[in-house]
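Notes for the one structure printed next.
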Amino acid sequence: MAPVVTAERLTKTFRVKVRDPGMKGAVQALVRPRNRDVQAVRDVTFAIEPGEIVAFLGPNGAGKTTTLKMLTGLLYPTSGRAEVAGFTPWTGGPECKRRLALVLGNRQQLVWDLPPEETFLLNRAIYDIGEAEYRERLAELVGLLELTEVLEKPVRQLSLGERMKCELAASLLHRPPLLFLDEPTLGLDVTAQEAIRRFLIQYRDRHGATVLLTSHYMQDVTALASRVLMINRGRLLYDGALGALVARITRMKRIELVLGGGDGGRVDAETLAAFGEVKSFRFPNAVLEVPRDEAPATSARILAALPVADLSIEDPPIEEVIRRAFAQGLEEEGT
Amino acid sequence: MNPMRMLAAFWRLNLAEELQYRANFVASVLGTVFYMATALLTLALFFRHTTALGGWDYWEIVVLLGVFNALTGVIEAVLRPGIGQLAGEVRSGELDLVLVKPVDPQAFVSFRRLDIWRFADVVLGLALAAYALHRLHRVPSLAQVATFGLTLAAAAVVVYAIWVALMSLAFWFVSVENIAVLFDAVYEGARYPVSAYPGALRFLFVYLIPIAWTTTIPASALTGRLRPGSALLAAVVAGVVFALARVLWRTALKRYTGASG
């Protein structure tokens with residue numbers, strides 16, 4: 001299938017005013033302003049197939065939102081090209097905009113003092129949705145997002161999670177094939193986060209929608225995204241499956257032990273250190289880190305030598321892997 | 001998309017919102033009545049020392065004051081809650097959610113919010129103008145009323161264009177939330193006929209910040225002072241000012257999206 005989103009050497013440079021701190025700096029900036037170019041996104045290239053859920057990973061200021069803004073036509077790139085649903089987003093006009101939805105976790109379109117349905121009706125007018133279609137889509141979204149009890153309350157009385165669900169519903173009434181979500185679970189509790197994740201997968205499965213999201217919650221990424229785009233300082237560092245990324249970044253595996261047997265007390269940290277790096281040890285639990293390719297053999301030796309009640313081999317926590325990746329830079333680690 | 005359908009949806013939305021706060025209506029009308037009374041008192045104070053201001057006598061200026069109040073109603077009902085919020089929306093990024101919609105962003109931002117109670121100001125202003133005409137023993141002809149309607153509509157367009165132009169600055173200077181205060185300060189000048197001002201100010205109000213067209217011209221239409229061609233000229237001025245504001249808005253939006261850099 002032809003990709004539904006492509007970015008080719010997408011680059012965005014912002015010109016920002018620089019100013020020294022203090023009174024002197026303020027006056028200087030007024031008299032002779034100085035500018036500095038900041039490259040928010042550099043040479044980013046990727047293609048996304050219809051129906052994919054792709055997550056942008058990266059620390060704050062990495063260029064995720066800037067990329068999202070270019071793909072939704074809110075920003076012109078400095079150079080490079082992009083195609084979204086067959087249009088160049090920043091010149092595509094209304095026809096392009098009808099094919100996408102943008103949901104921003106920290107901003108809302110819902111009218112504060114009115115029930116969410118009023119905003120839905122406004123969007124119905126904006127997107128020229130017929131009565132029958134509107135009823136059908138609303139019923140579907142209300143069902144999937146469990147909004148029945150929420151629809152008639154003023155938005156100001158809704159919880160953050162309920163508001164985000166309503167934002168999603170408002171943004172999907174025109175049934176766009178493309179969803180851009182910037183931090184859709186920001187600040188939500190675990191239950192609400194899960195509900196949103198479940199909904200996104202259901203929505204994709206039902207309508208074949210393509211989803212591009214950014215999130216700081218790794219659970220979002222692991223639960224939703226078949227593919228991640230890792231971006232830092234405006235550069236695309238990695239494009240592929242999350243599992244492969246973890247394997248590439250970390251050459252270590254974790255062996256988690258529960259020691260058993262009557263003589264478990266005789267096992268001490270020193271004994272464990274012979275098998276690998278001890279990450280934690282509080283009898284009867286122990287966590288060791290060993291090189292990835294040695295993990296099976298080491299486990300076998302541990303099982304033979306120590307009184308083990310339970311043993312499992314895990315990847316290090318994903319947050320830690322990603323943190324390490326951004327701290328060290330992917331290139332050095334990947335070699 | 002159908003602009004009328006969008007406008008109707010906005011009206012519905014705002015009506016639903018405002019009906020929750022009926023007390024606002026009373027407060028708004030009381031505020032306007034008090035405001036008009038103060039303006040009349042000030043005017044009466046002036047006229048203890050003179051019999052005419054820029055060639056207009058007391059009740060003629062009251063007609064103008066009525067027009068001024070009617071336009072203030074339009075400003076408070078439509079412009080301040082609508083496009084007046086632009087600077088805040090640029091700063092918070094909420095404008096982005098407007099720009100991804102398949103609508104004309106200027107129309108959306110301009111008419112999305114209405115403070116419907118303030119439309120009462122329009123009614124009160126027109127009532128004041130009518131009362132002043134009565135005191136002048138003047139009954140405007142049908143042609144005069146029609147001319148008044150045309151010039152008042154042109155005036156509304158001019159005021160709208162000035163707001164669009166001012167608010168477009170928000171794209172350059174994000175911290176212009178107080179720019180509405182600048183408008184208020186200048187618009188105070190429209191309280192009196194433009195002929196009451198010395199030459200330089202008159203030039204400013206006619207050509208540069210065209211507020212002379214907003215009150216003096218419609219009030220002249222009612223009091224029979226307007227030359228026939230002036231009404232057409234007012235319509236042309238409104239068209240030109242609107243077009244200029246639109247160009248400025250587009251340029252500003254291009255800057256916002258980085259299309260011009």
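FYI, it's all coordinate maths here, none of it is from the lab. Remember, predicted model here, so these are calculated numbers, not experimental data. Heads up, the Cβs are rebuilt from the backbone with ideal geometry, glycines too, and the neighbour counts pull from every protein chain shown.
Things to note:
- The charge dipole of chain A, taken about its Cα centre with unit charges on the Cβ atoms of Lys, Arg (+1), Asp and Glu (-1) only, comes to about 1640 debye.
- Average partner coverage of A:307-313, which counts Cβ from other chains inside 10 Å: 0
- For segment B:68-129, radius of gyration divided by Kirkwood radius, i.e. Rg to Rh on alpha-carbons: 1.12
- With a 10 Å cut-off around each Cβ of B:12-18, the average count of Cβ atoms from other chains is 4.
- Straight-line cross-link reach from residue A:12 at under 19 Å between alpha-carbon atoms covers these lysines, not counting any fewer than eight positions away in the same chain: A:64, A:69, B:254.
- In this Cβ point-charge picture (+1 for Lys and Arg, -1 for Asp and Glu), segment B:3-253 has a dipole of about 460 debye about its Cα centre.
- Separation of alpha-carbon centers, segment B:103-125 and segment B:130-160, rounded to whole Å: 21
- Length added when fully stretched, residue B:242-residue B:130, from 0.36 nm per residue minus Cα-Cα: 37.4 nm
- Cα gyration tensor, segment B:3-253 - rounded (a/c under 1.5), prolate or oblate: prolate
- Shape call, segment A:1-143: gyration tensor on alpha carbons, a/c limit 1.5: oblate
- Here residue A:24 and residue B:23 are evaluated by their C-beta separation; at R0 = 51 Å the FRET efficiency comes out at 0.50.
- Lys, Arg +1 and Asp, Glu -1 on Cβ, resulting dipole of segment A:21-120 about Cα centre, debye, nearest 20: 720
- Each part reduced to its alpha carbon centroid, segment A:73-97 and segment B:180-216 end up 43 Å apart.
- With R₀ set to 30 Å, the beta-carbon distance separating residue A:315 from residue A:205 gives a calculated FRET efficiency near 0.65.
- Computed 3J(HN,Hα) for segment B:65-81, one whole-Hz value per residue from the Karplus formula 6.51 cos²θ - 1.76 cosθ + 1.60 where θ = phi - 60°, is 4, x, 4, 4, 5, 4, 5, 4, x, 4, 4, 6, 7, 10, 6, 5, x, glycine and proline marked x.
- Note on segment A:176-263: semi-axes of the ellipsoid equivalent to its C-alpha gyration tensor, largest first and rounded to whole Å, are 30, 20, 13.
- Share of alpha-carbon pairs per 10 Å distance bin for chain A, given as whole %: 5, 21, 24, 21, 16, 10, 4, 0
- Dimensionless Rg/Rh of the protein assembly as shown - Kirkwood Rh, Rg from C-alpha atoms: 1.12
- Exercise: per-residue mean of other protein chain Cβ atoms within 10 Å, A:9-17: 1
- In order through segment B:209-217: 3J(HN,Hα) via Karplus (6.51 cos²θ - 1.76 cosθ + 1.60), integer Hz, x for Gly, Pro: 10, x, 6, 4, 6, 8, 10, 4, 5
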